[in-house]
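What follows is a set of notes on a single structure, which appears directly below.
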Amino acid sequence: MATRSKWLQCIAAWIWPSSTEVPTLSATHIAWAKPLLFVAGMYPLLRWFYLGLTDGLTVNPTEFLTRSSGTWTLVCLMATLLVSPLRDWLNEPALIRLRRMCGLFTFFYATLHLLAWAWWEQNFVLADMGLDIVKRPFVTVGVVAFLVMLGMALTSSHRAMVAMGRYWKALHRWIYLVAVLSIIHYWLHKAGKNDFLEVTIYGLVLAALLGWRLWRYCRPKRAGFK
Amino acid sequence: LAALPSTPNPEFMSVEKITERVQATTYNNFYEFGMDKSDPERYAGQMKVSPWSVQVEGEVGKPGTYAIEDLLALEPMQERIYRLRCVEGWSMVIPWIGYPLSALLSKVEPTGNAKYVEFITDMQPEVMPGLKSSVIDWPYREGLRMDEAMHPLTLLTFGMYGEVLPNQNGAPVRIVVPWKYGFKSAKSIVTIRLTEKQPTSSWMQSAPREYGFYSNVNPTVPHPRWSQATERRIGEGGLFAPRRKTLMFNGYEEQVASMYSGMDLAKFY
């Protein structure tokens with residue numbers, strides 16, 4: 001029962017952030033939140049299986065899955081970038097411990113997205129894939145973003161973090177580049193039909209997430225002038 | 001939907017598996033109703049298709065307004081099974097019902113200046129949510145060169161699968177140009193205009209680098225954002241079926257290639 005009430009407290013803290021002047025989330029809360037986050041992260045995958053079993057993948061399932069995996073990659077990426085601002089707004093430093101899983105889910109869906117392209121668009125023909133990457137900026141940008149993410153995923157363990165020291169942080173800041181490339185990739189995809197509504201929404205969310213970081217970065221300097 | 005009696009044209013009886021009707025009527029591009037493939041089926045039911053008439057104008061000896069009933073009775077209906085290749089890289093095989101557009105064009109007596117034919121799709125703002133989108137400068141316009149429009153393959157189309165066209169497939173009258181990407185086959189046509197100058201189609205205006213006037217199916221000329229060498233046949237084998245090789249002029253090379261002899265098809269894409 002004790003853990004349960006703590007968990008309720010934790011939810012309440014998320015809903016009414018102003019009520020938490022002092023951090024209330026402990027390692028126990030995070031240990032509880034992780035399995036839940038994992039289930040949430042599996043939602044897109046489970047949804048595809050459900051749609052597959054109920055004839056819901058449209059009459060062009062391969063296109064649907066290719067696009068859907070791209071969309072969910074972007075959603076996970078935005079969620080990953082939301083962790084730090086959320087930590088600060090709610091004054092809950094422990095939240096940062098959920099970020100790795102968000103990042104790994106981003107990588108997971110990016111991998112599925114890449115595989116969808118390689119399989120359903122290119123029939124796994126390496127020469128065609130290479131040609132597509134070289135010839136089409138739309139694909140080039142996506143593949144570059146994936147490779148950067150691959151580097152981050154490979155160094156996501158605690159051991160790698162310790163071993164790399166300050167280089168770890170330097171490498172993982174490349175997430176900002178990945179985010180910008182993802183938006184460009186999506187924008188190029190939509191450009192042919194001048195259909196920019198969705199990509200604009202994602203772009204604005206990203207601008208807000210990056211803008212907050214810029215604002216925070218500038219803030220101490222401004223304070224210094226006073 | 002009402003049955004539309006027709007005689008199968010033995011020249012166009014496909015040996016390929018015909019796409020299931022449910023797939024051809026639920027996976028459509030008809031941006032007047034929205035950009036999702038499922039939007040046309042969802043919203044087009046509200047479109048008013050009767051009464052309907054087609055305005056024939058421009059470089060013709062006999063301009064005028066043709067009621068849909070007159071167009072239906074103009075020529076005997078034939079059924080033709082054509083491949084349909086979408087520029088997006090998917091394809092279907094569809095049994096259309098109609099007659100060659102040339103029958104109508106000859107009847108209206110094109111003048112010596114008639115070099116091109118422009119097709120304009122209807123606008124019904126109250127039932128077409130897509131018209132609010134700025135993707136296209138509405139109404140939707142498409143065009144063909146005169147010889148393309150007069151080609152026996154170019155079908156003035158009133159039905160599919162033995163019935164009149166479902167609204168989402170371009171009721172009550174559309175054209176079908178099987179050797180070009182699907183968007184060239186204008187739907188729900190209200191105006192046919194013969195012109196001396198090449199008309200600017202909606203897609204040429206919207207994305208000139210990506211969509212040219214000709215838009216012939218051509219596996220050797222890639223779209224700027226994807227290869228056109230292969231296509232996915234809708235309804236063929238699910239997730240594990242490999243893509244098909246796209247055929248030159250969508251497999252109608254023998255019939256149409258001569259119209260483009262000497263033309264650089266990469267330049268005139």
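The values are calculated or read from the model by the stated rules, or taken from the named source; none is laboratory data. Please read these numbers as outputs of a predicted model, since none were measured by experiment. All Cβ positions, even for glycine, are placed from backbone atoms using ideal geometry, and neighbour counts span all protein chains on display.
Okay, here's what the table says:
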| read-out | value |
| --- | --- |
| Counted residues, region B:245-267 - those being crowded, with 16+ Cβ neighbours inside 10 Å and either within 14 Å of chain A (Cβ to nearest Cβ) or on the phi > 0 side of the Ramachandran plot (or both) | 4 |
| Neighbours by Cβ (under 6 Å, 6+ apart or cross-chain): first from region B:115-144, in contact (Cβ under 8 Å) with a residue 12 or more places away in the chain; second among the hydroxyl-bearing types (Ser, Thr, Tyr) and part of a helix (DSSP H, G or I) | B:Gly130/B:Tyr31; B:Ile136/B:Ser202; B:Ile136/B:Ser206; B:Tyr140/B:Ser202; B:Arg141/B:Ser202 |
| Where a residue in region A:150-178 is surrounded by 11 or more Cβ atoms within 10 Å (Cβ to Cβ) and its partner, wherever it lies, is outside any helix (DSSP H, G or I), with Cβ under 7 Å and at least six apart | A:Met152/A:Trp174; A:Met164/A:Thr155; A:Trp168/A:Thr155; A:Leu171/A:Thr155 |
| Candidate set: region B:223-235, residues that are in a loop (DSSP other than H, G, I, E, B), of a type outside the set (Val, Ile, Thr) and over 14 Å from A:Asn123 (Cβ atoms); chosen: the one farthest from the other protein chains (Cβ to nearest Cβ) | B:Gln228 |
| Scan of region A:51-87 for residues that are away from every other protein chain (no Cβ under 11 Å), under 24 Å from B:Thr19 (Cα atoms) and aliphatic (A, V, I, L, M), ordered by number | A:Leu51, A:Leu53 |
| Odd one out for B:Pro152, checked against (1) surrounded by fewer than 20 Cβ atoms within 10 Å (Cβ to Cβ); (2) in contact with a His (Cβ under 9 Å, 6 or more places away or on another chain) | (2) |
| Hits in region B:33-45 - residues which are touching a residue at least 24 places away in the same chain (Cβ under 8 Å) and within 14 Å of chain A (Cβ to nearest Cβ) | B:Gly34, B:Met35, B:Asp39, B:Pro40, B:Glu41 |
| So B:Phe158, is it under 14 Å from B:Ile94 (Cβ atoms) and modelled with pLDDT of 95 or more | yes |
| Residue under evaluation B:Ser258, criteria (1) over 19 Å from the mean Cα position of the chain (by Cα); (2) part of a loop (DSSP other than H, G, I, E, B), criterion not met | (2) |
| For B:Val117: the one exception among (1) at pLDDT 95 or above; (2) within 14 Å of chain A (Cβ to nearest Cβ) | (2) |
| Unique residue being of a type outside the set (A, V, I, L, M, F, W, C), crowded, with 21+ Cβ neighbours inside 10 Å and assigned to a loop (DSSP other than H, G, I, E, B) when the list is B:Lys187, B:Lys197 | B:Lys187 |
| Some residue of region A:181-200 being buried (at least 18 other Cβ atoms within 10 Å of the Cβ), farther than 26 Å from B:Pro208 by Cα and either touching a helix residue (DSSP H, G or I) at 6+ places or on another chain (Cβ under 8 Å) or touching a residue at least 24 places away in the same chain (Cβ under 8 Å) (or both) | no |
| Qualifying helices (runs of 4 or more DSSP H) (wholly inside region A:144-226; at least 2 residues being of a type in the set (Phe, Trp, Tyr)) | A:166-172, A:175-191, A:197-225 |
| Residue check, B:Glu59 buried (at least 18 other Cβ atoms within 10 Å of the Cβ), touching a residue at least 24 places away in the same chain (Cβ under 8 Å) and not small (Gly, Ala, Ser) | yes |
| In region B:80-125, the residues that are assigned to a loop (DSSP other than H, G, I, E, B) and over 16 Å from B:Ser188 (Cα atoms) | B:Cys86, B:Val87, B:Glu88, B:Gly89, B:Val108, B:Glu109, B:Thr111, B:Gly112, B:Asn113, B:Ala114, B:Lys115 |
| Residue ID - farthest from B:Glu32 (Cα to Cα), chosen from residues in region B:129-164 that are assigned to a loop (DSSP other than H, G, I, E, B) and in contact with a Lys or Arg (Cβ under 7 Å, 6 or more places away or on another chain) | B:Tyr161 |
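Every residue, every condition in (1) assigned to a helix (DSSP H, G or I); (2) modelled with pLDDT of 90 or more; (3) in contact with a Leu (Cβ under 7 Å, 6 or more places away or on another chain), yes or no:
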position	(1), (2), (3)
A:Glu21	no, no, no
A:His29	yes, no, no
A:Leu77	yes, yes, no
A:Val83	yes, yes, yes
